[in-house]
Amino acid sequence: MERGRWQKRFFIVIALTGILHFAAEIVFVAPAYSSEDINVNCYLKGDDDYVYIGNLDIFDVSRAAYSCNDTYMDCQGKCIGCYIGDDGQEYCYDAAGRKFQK
């Protein structure tokens, strides 16, 4: 009889852990992604300026440079990804994930 009680408690703990994990993903991961595609321009750093390589549609702007470098072979890991913010300014992310204004 005692064994059945422990099995029931173990099942409840496992179920609650799963529910809490799912809730944490919704709270912390979902806001990082946009519900719409964001158009990102990919640029390669030249001698004095940035050279346009191409553009992409992505969901998470913080991964803009990663997406550019992953898509375009010409980047060789040195591209930045830029997008136009809601305020009309152009913001960019470098390969290290740092955000800056172009």
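How many residues are in a strand (DSSP E or B), surrounded by 19 or more Cβ atoms within 10 Å (Cβ to Cβ) and out of contact with any Leu (no Cβ under 9 Å at 6 or more places or on another chain) if we restrict to segment 57-82?
2
Yes/no per residue for (1) in the same structural domain as Tyr72 (by TED's automatic domain parsing); (2) modelled with pLDDT under 85; (3) not in a strand (DSSP E or B):
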| site | (1), (2), (3) |
| --- | --- |
| Trp6 | no, yes, yes |
| Phe10 | no, yes, yes |
| Val13 | no, yes, yes |
| Leu20 | no, yes, yes |
| Glu25 | no, yes, yes |
| Leu44 | yes, no, no |
| Asp48 | yes, yes, yes |
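The values are calculated or read from the model by the stated rules, or taken from the named source; none is laboratory data. All values reported here derive from a predicted model rather than from experimental measurement. Every residue, glycine as well, gets a Cβ built from its backbone with ideal geometry; the counts of neighbours run over all protein chains shown.
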